[in-house]
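The values are calculated or read from the model by the stated rules, or taken from the named source; none is laboratory data. Everything numeric here is computed off the predicted structure, so don't read it as measured data. Note that we place each Cβ from the backbone using ideal geometry, even for glycine, and neighbour counts take in every protein chain shown. Remember, those area values only see protein heavy atoms, side chains included, never the ligands or the DNA or RNA. Shrake-Rupley method; radii C 1.70, N 1.55, O 1.52, S 1.80 Å.
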Amino acid sequence: MLWVVCASFVMTIVYTVILGTVNSRAQSKNKVDQQSKQTVQVKEKKAKPAPVQIDWRKSSEQKAYPDWNQHPNAWVHVSLKKQRVYIMDGQQCLYTMYASTGSGGDNATPTGTYHIQAERGTFFYNPKSGEGARNWVSWKDHGIYLFHSVPTNSANQIVQSQAEKLGKSAASHGCVRLSLPDSKWMYDTIPVGTKVVIDNG
């Protein structure tokens, strides 16, 4: 009878040890799983893309502007949704520019298909709106709707609070604002008659 009691006692001890080992392993696995989840979450947070840095003093892209002689059928696409101007050749995008279009209502940028007009200049100032700009090129109503630089005051000084909106929000009175170098390239380069398509795409 004594040996039965001893055997039962030994079996109880063995069972307790085994159960404790299983529980310990399960707890360790849970800790590892939780740490893995936390690591994944941290990695996901770090993977957030950095905000686009837009400098109205610089060209929009770090590459040469298109050679119009090499692309005689180039045209201009203005995206109101993306606040971008695309220099296109067929369906190929040659260059992308940051832009700021009309703020809406009476100041909306008209959509549709237009063509570059003969009127252009190096500076204008509109006392009614209290803003001017450099390097303007007309695309509608002969001097009313323009591509031009970020805004200036009457002394031809850049209005920095408005310039900072370039590529980020629609803020103009209906014209299409560009960075200083981009507007200069437009003024110097884009021929009369070039097609301009403005849409919400």
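General observations
- Contour excess over end-to-end distance, with Cα ends at F123 and K195 and 0.36 nm allotted per residue: 23.6 nm
- Cα centre as origin, Lys/Arg/Asp/Glu Cβ charges: region 152-201 dipole, Debye: 60 debye
- Sorted largest first by accessible area at a 1.4 angstrom probe radius, with every protein chain in place, the residues H148, H115, H77 fall in the order H115, H77, H148.
- Each 5 Å bin from 0 upward holds the following percent of the Cα-Cα pairs of region 139-191: 4, 19, 27, 28, 17, 5, 0.
- Lys, Arg +1 and Asp, Glu -1 on Cβ, resulting dipole of region 56-98 about Cα centre, debye, nearest 20: 320 debye
- Each label point was placed 7 Å from the Cα along the Cα-to-Cβ direction; for E164 and Q92 their separation is 4.0 nm.
- Kirkwood-based shape ratio for region 66-201, expressed as Rg/Rh from alpha carbons: 0.93
- Taking amide H atoms as placed 1.01 Å from N in the peptide plane, the amide H of S172 lies under 5 Å from those of T101, G102, S103, each 5 or more residues away in sequence or on another chain.
- Residues H71 and Q157, FRET efficiency given R0 of 35 Å [Cβ-Cβ distance, rounded to 0.05]: 0.50
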